Amino acid sequence: MNKNIVIHWFRQDLRLYDNPSLTEAAQQGAILPIYILDDDNAGEHKLGGASRWWLHYSLLALNKSLKGKLSVYIGDPEKILIDLAEENNIEGVYWNRCYEPWRIGRDKKIKKVLEAQNIKAKSFNGSLLWEPWDVLKKDGTPYKVFTPYYRKGCLSAIAPRTPLAEPKYLNLYDGHSNKLTIVDLKLLPAINWNKQLEPHWDIGEMSAQYKLEKFIYNRLENYKRGRDFPALSSVSRLSPHLHFGEISPNQVWYAVKLNKETDDLDHFLSEMGWREFSHSLLYHFPELPRNNLQTKFDNFPWLQNTKHLRCWQRGETGHPLVDAGMRELWQTGYMHNRVRMVVGSFLVKNLLLHWHHGEKWFWDCLLDANLANNSAGWQWIAGCGADAAPYFRIFNPCTQGQKFDPDGEYTKRFVPELKEMPSKYLFNPWEAPDKILQNAGVTLGENYPAPIVNLKLSRVRALDAFKSMK
Ligand SMILES: Cc1cc2nc3c(=O)[nH]c(=O)nc-3n(C[C@H](O)[C@H](O)[C@H](O)COP(=O)(O)OP(=O)(O)OC[C@H]3O[C@@H](n4cnc5c(N)ncnc54)[C@H](O)[C@@H]3O)c2cc1C
């Protein structure tokens, strides 16, 4: 029997290039590449519907790169790994680290159990530019504010690891037969909702690399300004690829850095810095997905209103930019960052609904749903996070639309009922004279919703609620 067999356990690193664990495993002997769908340990953070859809295709792409040798499993990794190790005389199990609290706890335990059986267990950094425990303030405590975290902490720390090549030779162990196929993981939804996502995405490592090259070539130059306009294709849309590790942040970082130093380049890298910051927050404050980091928000007088929540989820609030964003999310599994901020602010401030509702809906619908970025994003919007938008900063969806979607191209793409509305009234159709509504073929409350809240009054109500908390 082959003595040098090691497992590479794919998790959020579904790629062959710049994969530290895979590269190390390849030097040890034959590799048994596996993926385990672990819904049991994930609890309330098991993958949402959109993420499952992505994962299905990402695993298919990975399996193709591995010449059909990827073995997949469902269940508790501890048991699966121990059984596999016994059956195949495995020497070691290698993986790249994940930073969700439930995964950290599970992996620590698995490491102990494997080592107790004389099986090597080695983990690597394949998902972050800087490990959260390496970027700390002088007094050894974690940063809570982005700018010093990024400027003083990250940029003055050791430069991130440069990307690794694809292992030259992968000796894939084929003495093991696994009964499950990727289809058996049942990641695709039972209803055909996923069909609408398909035209928008090419999934897998090669597509991610191609997308990065295209972004650098076509869009990086105008990133700083263009990233605020949802109708422009100025952002990279790399987030789901980064989340599933089809591309590493190191590959992105160094490919971008090859270009001339400009404000656009710096700004893009600082957005990658926000990704690092969110992961650092999640690592140091594992309660981030559930608890307000500013505890004074524990007494915030949130409302309960199922009807309003449903309108928000469906993109039927009667506020066109909010509706466009929520429909973009449903139809494409993605939402532009500026619009994420607008719909988020609308939910927690104009509707006074708890940020948990937003976090949960995004978790299920976003293809890039990521515990660190999503929780930090929602705490930022609600004003209760570490380095949060001040509570009184309430995005006005009407003026945001006029400023960042001046021709209404984005809004009309997702809210076609309003395609004939003149720009002047596109974001506030309730203020349009009857004649204008008539000419545009819009009847509020019939073919487009009447607004579910008044922006001015709900703003005042939100500010009062904020004051009442002190
Ligand atoms: C309420 C809310 C929830 C969010 N939930 C998620 C989420 O679940 N997953 C997720 O990846 N991002 C989330 N974000 C952050 C951000 O909206 C997305 O990362 C970004 O829109 C992805 O598009 P892109 O790849 O084109 O970004 P680009 O502008 O091209 O940026 C490049 C990369 O930098 C990172 N990045 C950019 N902006 C941010 C940010 N504000 N915070 C953290 N990382 C950032 C992402 O990895 C992104 O892919 C959320 C933001 C908000 C306000």
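The values are calculated or read from the model by the stated rules, or taken from the named source; none is laboratory data. Computed from a predicted model, the values in this text were never measured in an experiment. As a convention, Cβ positions derive from the backbone with ideal geometry for all residues, glycine included, and neighbour counts pool all protein chains shown.
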Meets criteria (surrounded by 13 or more Cβ atoms within 10 Å (Cβ to Cβ), outside the structural domain of Trp54 (by TED's automatic domain parsing) and more than 18 Å from Val339 (Cα to Cα)) for Ala386: yes
Right, Asp387: under 17 Å from Pro320 (Cβ atoms), in a loop (DSSP other than H, G, I, E, B) and more than 14 Å from the chain's Cα centre (by Cα) or not? no
Note: among Lys168, Lys122, Lys138, Lys111, just one is surrounded by fewer than 18 Cβ atoms within 10 Å (Cβ to Cβ), in a helix (DSSP H, G or I) and more than 24 Å from the chain's Cα centre (by Cα), namely Lys111
Hits in segment 255-281 (condition: outside any helix (DSSP H, G or I) and either among the polar types (S, T, N, Q) or touching a Leu at 6+ places or on another chain (Cβ under 7 Å) (or both)): Asn259, Thr262
With the structure loaded, tell me whether Asn337 is within 22 Å of Tyr150 (Cβ to Cβ), of a type in the set (S, T, N, Q) and in contact with a Leu (Cβ under 9 Å, 6 or more places away or on another chain) or whether it fails that test. no
Please enumerate the residues belonging to segment 230-254 that are part of a helix (DSSP H, G or I), farther than 18 Å from Ser21 by Cα, within 12 Å of the ligand (Cβ to nearest atom) and in contact (Cβ under 8 Å) with a residue 40 or more places away in the chain. Ser239, Pro240, Val252, Trp253
Residue among Trp54, Trp9 that is crowded, with 23+ Cβ neighbours inside 10 Å and part of a helix (DSSP H, G or I): Trp54
Examine segment 371-380 for a residue that is more than 9 Å from the ligand (Cβ to nearest atom) and of a type in the set (A, V, I, L, M, F, W, C), and state whether such a residue exists. no
I'd like the full set of residues that are within 23 Å of Tyr425 (Cα to Cα), among the hydrophobic types (A, V, I, L, M, F, W, C) and part of a helix (DSSP H, G or I), limited to segment 305-356. Cys311, Trp312, Leu321, Val322, Ala324, Met326, Val339, Met341, Val342, Val343, Phe346, Leu347
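Results for (1) part of a helix (DSSP H, G or I); (2) farther than 27 Å from Leu321 by Cβ; (3) within 11 Å of the ligand (Cβ to nearest atom); (4) touching a strand residue (DSSP E or B) at 6+ places or on another chain (Cβ under 9 Å), shown as yes or no for each residue.
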| position | (1), (2), (3), (4) |
| --- | --- |
| Leu188 | no, yes, no, no |
| Pro199 | yes, no, no, no |
| Ala208 | yes, yes, yes, no |
| Leu212 | yes, yes, yes, no |
| Phe215 | yes, no, yes, no |
| Glu221 | yes, no, no, no |
| Asp228 | no, no, yes, no |
